[in-house]
């Protein structure tokens with residue numbers, strides 16, 4: 001990103017105008033992660049096991065995987081979950097639940113599957129393969145988010161090895177980690193995180209930024225040429241005002257962050273100030289959740305009752321549009337994708353360059 005630290009921050013005294021928010025898509029299921037492309041195509045994860053491909057002209061296509069293995073090829077819908085079974089979908093994480101997405105160097109979609117705990121790859125036509133199920137002889141845990149770097153390597157996060165994952169909110173188990181997949185295979189390059197979630201690089205790939213959702217903070221680590229990580233530190237405040245989930249840099253150097261459950265959109269400016277851009281929280285349910293968090297007694301019922309109306313369980317954000325000034329918001333419980341215009345462009349993702 002191009003940081004203009006000596007100029008006026010375009011987000012200073014700016015907030016999202018709720019009346020200017022528009023929506024893309026319909027009848028979506030768990031559009032947790034959003035990917036955008038320069039031609040205006042928008043992709044989202046989908047709880048039916050694949051992705052949704054959309055454009056602003058109304059085009060919407062669900063791409064469900066065909067499962068490939070050594071013995072057979074199975075076409076069609078897999079692991080379709082009932083909309084009524086919220087506990088299975090959002091807390092117990094039963095079935096195939098594509099979570100984080102990225103494009104590999106060939107344009108195929110890398111999927112961190114929150115339901116199967118695997119890393120998968122799917123072509124844009126829906127041909128699915130499972131590429132990683134374990135590391136060091138152990139199952140992966142709750143795979144969350146993949147990311148490609150300029151060398152074509154795939155990085156991904158595991159939020160927790162705790163089952164059910166929601167127990168980790170109370171235990172604060174430091175069992176999250178980051179894996180790097182390269183020509184040598186897959187290896188853990190950093191561990192000991194509290195609820196590892198999304199990861200992002202700065203433009204030069206000198207730092208890897210890490211969301212620690214249940215520690216309410218952002219960390220970052222220096223990146224060596226071989227992918228080793230070191231010099232871990234907290235970026236911004238020691239503790240944010242809620243559960244960070246997804247994040248993205250803009251061209252000024254602001255780090256935009258979604259706070260899930262309370263459905264807030266904030267930024268950490270280059271000088272470390274925290275600004276609130278959108279607050280769709282409910283004061284009553286937010287207070288109850290935060291009290292339970294402090295007392296380590298969060299329950300699925302408390303989580304399920306805490307959400308906003310615009311983008312319930314706001315989980316991610318992505319910049320898109322021809323000028324990268326359209327912000328799309330992903331969610332776990334929404335059925336469409338809110339979007340609005342930003343006064344500053346976003347950082348170009350690797351597949352835009």
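The values are calculated or read from the model by the stated rules, or taken from the named source; none is laboratory data. These numbers were taken from a predicted model, which means no experiment stands behind them. Because the Cβ atoms are built from the backbone with ideal geometry, glycine has one as well, and the counts that use them run over all protein chains shown.
What the table below lists for this structure:
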| item | result |
| --- | --- |
| Residue selected from the stretch 156-173 under the condition in contact (Cβ under 8 Å) with a residue 60 or more places away in the chain and under 21 Å from residue 246 (Cβ atoms), by the criterion surrounded by the fewest Cβ atoms within 10 Å (Cβ to Cβ) | 172 |
| In the stretch 321-353, the residues that are surrounded by fewer than 24 Cβ atoms within 10 Å (Cβ to Cβ), touching a helix residue (DSSP H, G or I) at 6+ places or on another chain (Cβ under 9 Å) and closer than 15 Å to residue 25 by Cα | 333, 340 |
| Residue 78, sole failed condition from (1) modelled with pLDDT under 95; (2) within 28 Å of residue 347 (Cβ to Cβ) | (2) |
| Residue satisfying condition, being within 30 Å of residue 204 (Cβ to Cβ), under 21 Å from the mean Cα position of the chain (by Cα) and at pLDDT 95 or above, within set 34, 21 | 34 |
| Residue within the stretch 245-262 that is assigned to a loop (DSSP other than H, G, I, E, B) and under 22 Å from residue 283 (Cβ atoms) present | yes |
| Failed item, numbered, when residue 302 is tested on (1) more than 16 Å from the chain's Cα centre (by Cα); (2) touching a residue at least 24 places away in the same chain (Cβ under 8 Å); (3) more than 16 Å from residue 36 (Cβ to Cβ) | (2) |
| Tally of residues being surrounded by fewer than 18 Cβ atoms within 10 Å (Cβ to Cβ) and within 21 Å of residue 15 (Cα to Cα) across the stretch 256-296 | 11 |
| Conditions (1) on the phi < 0 side of the Ramachandran plot; (2) more than 17 Å from the chain's Cα centre (by Cα); (3) surrounded by fewer than 24 Cβ atoms within 10 Å (Cβ to Cβ): number failed by residue 249 | (2) |
| Of all residues in the stretch 203-223 being out of contact with any strand residue (DSSP E or B) (no Cβ under 7 Å at 6 or more places or on another chain) and part of a loop (DSSP other than H, G, I, E, B), the one that is surrounded by the most Cβ atoms within 10 Å (Cβ to Cβ) | 203 |
| Failed item, numbered, when residue 29 is tested on (1) under 26 Å from residue 207 (Cβ atoms); (2) modelled with pLDDT under 95 | (1) |
| Odd one out for residue 188 among (1) buried (at least 21 other Cβ atoms within 10 Å of the Cβ); (2) free of Cβ contacts under 8 Å to residues at least 60 places away in the same chain; (3) in contact with a strand residue (DSSP E or B) (Cβ under 6 Å, 6 or more places away or on another chain) | (1) |
| Inter-residue pairs, beta-carbon under 7 Å, first without any contact (Cβ under 8 Å) to a residue 40 or more places away in the chain and at positive phi and in the stretch 207-235, second surrounded by 19 or more Cβ atoms within 10 Å (Cβ to Cβ) and assigned to a strand (DSSP E or B), 6+ apart | 216/243; 216/244; 231/221 |
| Filter result (out of contact with any strand residue (DSSP E or B) (no Cβ under 6 Å at 6 or more places or on another chain) and closer than 23 Å to residue 350 by Cβ) within the stretch 104-153 | 105, 106, 107, 123, 124, 125, 149, 150, 151, 152 |
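Yes/no per residue for (1) touching a helix residue (DSSP H, G or I) at 6+ places or on another chain (Cβ under 8 Å); (2) over 15 Å from residue 97 (Cβ atoms); (3) part of a loop (DSSP other than H, G, I, E, B):
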{"site": "116", "(1), (2), (3)": "no, no, yes"}
{"site": "121", "(1), (2), (3)": "no, yes, no"}
{"site": "129", "(1), (2), (3)": "no, yes, no"}
{"site": "141", "(1), (2), (3)": "no, no, yes"}
{"site": "151", "(1), (2), (3)": "no, yes, yes"}
{"site": "163", "(1), (2), (3)": "no, no, yes"}
{"site": "166", "(1), (2), (3)": "yes, no, no"}
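Table: residues versus (1) part of a loop (DSSP other than H, G, I, E, B); (2) more than 22 Å from residue 311 (Cβ to Cβ); (3) modelled with pLDDT of 95 or more.
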position: 2; (1), (2), (3): yes, yes, no
position: 11; (1), (2), (3): yes, no, yes
position: 48; (1), (2), (3): yes, no, no
position: 56; (1), (2), (3): yes, no, yes
